[in-house]
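Engineer: Could you have a look at this structure, given as structure tokens, before my questions?
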Amino acid sequence: MTKTQLNQIIGSKPCARHLCGDGAEMLRFNSVIADTYKALCAAYEEQGYTLYCEDPRLGGFLPESRTYVKGDEYAVLFFFRWEYQLHVTISKKGAKKLPDPNMVEGVAAICPMTLTQPKTEQQGMCEIFRLTDGSFLIFDACNYGAHHTIYQTLCKLNGSAENIRVRVWMMTHVHGDHYGGFIDFAKTYANAITLDTVLYAPVNRDVIATIASYKNSWDSIDYFFNDGFADFVKTHFPNTVLCAVHAGQRFKLPGAELRILYTPEHLYIERIPVNMNHGTIVTQVIGEEGKALIMGDSEHCSTYWVIKTHQDALKSDIFQYPHHGSGRVPDLVTTVLSHSRAVLIPCTSAYYERNSNHLTHAVENWEWTEAHYVMGDGTVTLRMNGERVD
């Protein structure tokens, strides 16, 4: 669909544009009502686009989203009902890299779904979901040097070193304490596993340059996701698909759904925050026994966006507290933490305590919740309802 057709259906031109790191373009339209959103969906279908996935409205003023594909083109429509606002992300390529929506057909369940947080080295995040067919969904890979621990954890969960299959490995953002272990893992164990898809959400160079220009940004700028990551994955995992994702997409996995709640363009179309943590993908993994909310390193701006947008839908049995326990958003406690049965803090206790002078302790609010807290001091496995597996 052309931009002119979009403008005609919506009845106005976009009030803002943002170029995503994968080359897709996001357009923001204001004063959009529900009937207009429905008309746009119908127009895509009339033009031969296929509905790839949808994230339906869960009630009240919560948002809804649809992703349409046609050949290698795709469009993600994200409708903010309470603000009468519509984000349309359009791309001429990338649809063929999206995870196969039929991957769950005919797949038998052989085990309950679990979530394992491996032992970390000081600071670093890795969360490993074992899906109901025995394959894996992984978020990040801790710091450089964590690859042996990750591989040994996969072998133990799998029951052997044979036939380890990772359906999806997601890199939440471009910081070494999240993707570093993946680099070493790929160099050492690429031939020991089958990796279907790597998901990520790169940001464009203009964003990186803006952050680098801020005098109050503590961030170390890393161009790797833009300049080298795709070639690295292709070199070490030649049969693996690298796919950029956008908020509002929902992917089916064996025994679970992967719900993309936030990707950086939704915040960056308004303003560019001071560090790359705001570029973290925020997701919710939904299984039969419960839900897990994976926040990555989400900082205050991105976290408030997620809370404002998704509200009570964020409530999850397992909650990964953002930025290694330093999340500075009190609303997280009432919106999510007070409803969770397990809270993941992806760093060691020693690191957490040693850096307490500049980390805002989440523990100040823990005593009045019923959740138990999982640090990175050792490998811990949970059921999706938050109970520990002995």
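Computed from the coordinates by the stated procedures, all read-outs in this text should not be read as laboratory data. Only a predicted model underlies this, so the values are computations on that prediction, with no experimental measurement involved. Ideal geometry is used to build each Cβ from the backbone, glycine not excepted, and the neighbour counts take in all protein chains shown.
Engineer: Using Stokes-Einstein with the Kirkwood hydrodynamic radius over Cα pairs, what translational diffusion coefficient do you get for the chain at 20 °C and a viscosity of 1.002 mPa s, in µm²/s rounded to a whole number?
Structural biologist: Details: Rh = 21.2 Å.
Diffusion coefficient, whole number: 101 µm²/s.
Engineer: To the nearest 20 Debye, how big is the dipole of the chain about its Cα centre, given +1 on the beta carbon of each Lys and Arg and -1 on that of each Asp and Glu? Walk me through the numbers on the way to the answer.
Structural biologist: On the way: 34 positive and 43 negative charges, 146 e Å.
Value, rounded to 20: 700 debye.
Engineer: Let me ask something else. Tell me the label-point distance for the pair H300, E25, using the 7 Å Cα-to-Cβ offset, in nm and rounded to one decimal.
Structural biologist: 3.5
Engineer: A follow-up question, please. What number results when the radius of gyration of the stretch 144-267, computed over Cα atoms, is divided by 2.2 N^0.38 Å?
Structural biologist: Numbers: Rg = 15.9 Å, N = 124, 2.2 N^0.38 = 13.7 Å.
Cα Rg divided by the expected 2.2 N^0.38 Å: 1.16.
Engineer: What order, most packed first, do the peptides 377-389, 125-137 have when packing is the mean number of other Cβ atoms within 10 Å of each residue? Each step should come with its number before you reach the end.
Structural biologist: Working: 377-389: 17.1, 125-137: 23.3.
In descending order of packing, they fall as 125-137, 377-389.
Engineer: I'm checking a number: the convex hull volume of the Cα atoms of the stretch 234-338, normalised per residue, in Å³. What is it?
Structural biologist: Working: hull volume 13.5 nm³, N = 105.
Hull volume normalised by residue count: 128 Å³.
Engineer: Next question. Once fully extended, how much extra length lies between N385 and R57, figured as 0.36 nm per residue of separation less the alpha-carbon to alpha-carbon distance?
Structural biologist: Numbers: separation 328, 0.36 × 328 = 118.08 nm, distance 2.36 nm.
Going from the current span to full extension adds 115.7 nm.
Engineer: Distance between Cα centroids, the stretch 161-223 to the stretch 24-56: provide it in whole Å.
Structural biologist: About 30 Å separates the Cα centre of the stretch 161-223 from the one of the stretch 24-56.
Engineer: In whole angstrom, and with the biggest value first, how far do the Cα coordinates of the stretch 26-84 range along each principal axis?
Structural biologist: Principal extents (Cα only, largest first): 33, 21, 20 Å.
Engineer: Pick out, from S135, A16, L6, the residue whose Cα sits farthest towards the positive end of the charge dipole of the chain, with +1 on the Cβ of Lys and Arg and -1 on the Cβ of Asp and Glu.
Structural biologist: Farthest towards the positive end: L6.
Engineer: Along the stretch 82-92, what does the Karplus equation 6.51 cos²θ - 1.76 cosθ + 1.60 (θ = phi - 60°) give for ³J(HN,Hα), rounded to whole Hz, x for Gly and Pro?
Structural biologist: Values per residue, Gly and Pro as x: 6, 10, 6, 10, 10, 9, 10, 9, 10, 8, 7 Hz.
Engineer: Under 5 Å between amide H atoms, partner at least 5 residues away or on a different chain: which partners does K291 have, H built in plane at 1.01 Å?
Structural biologist: HN-HN under 5 Å from K291: D317, I318.
Engineer: Given the Cα-Cα distance of E257 and Y214 and 0.36 nm per residue of separation, how much length would full extension add, in nm? Could you put the intermediate results ahead of the total?
Structural biologist: On the way: separation 43, 0.36 × 43 = 15.48 nm, distance 3.79 nm.
Length difference between fully extended and current span is 11.7 nm.
Engineer: For S298, which sequence-distant residues (separation of 5 or more, or a different chain) have an amide H within less than 5 Å of its own amide H, given hydrogens modelled in the peptide plane?
Structural biologist: Under 5 Å from the amide H of S298: H323.
Engineer: For the stretch 190-196, in order, what is each residue's ³J(HN,Hα) by Karplus, 6.51 cos²θ - 1.76 cosθ + 1.60 with θ = phi - 60°, in whole Hz (x at glycine and Pro)?
Structural biologist: Calculated HN-Hα couplings, in order: 4, 7, 9, 9, 9, 10, 6 Hz.
Engineer: Moving on to the next point. How many percent of DSSP beta bridges within the chain run antiparallel, rounded to 5? Walk me through the intermediate numbers first.
Structural biologist: On the way: 55 of 78 bridges.
Around 70 percent of the beta bridges assigned by DSSP in the chain are antiparallel ones.
Engineer: On to the next question. Cross-link list K156/K187; K70/K187; K215/K315: which exceed 27 angstrom alpha carbon to alpha carbon? List each step's numbers first, then the result.
Structural biologist: Working: K156/K187 21 Å; K70/K187 36 Å; K215/K315 36 Å.
Correct reply: K70/K187; K215/K315.
Engineer: Put +1 on the Cβ of each Lys and Arg and -1 on the Cβ of each Asp and Glu in the chain; which of Y68, P322, Q117 then has its Cα farthest toward the positive end of the dipole?
Structural biologist: Y68
Engineer: A follow-up question, please. Along the Cα→Cβ direction, 7 angstrom out, place labels at D227 and S338. What is the inter-label distance in nm?
Structural biologist: Output for this residue pair reads 4.7 nm.
Engineer: What residues qualify as long-range amide H neighbours of G386, i.e. H under 5 Å apart, gap of 5 or more or another chain, H built at 1.01 Å from N?
Structural biologist: Those qualifying (amide H under 5 Å, at least 5 residues apart or on another chain) number zero.
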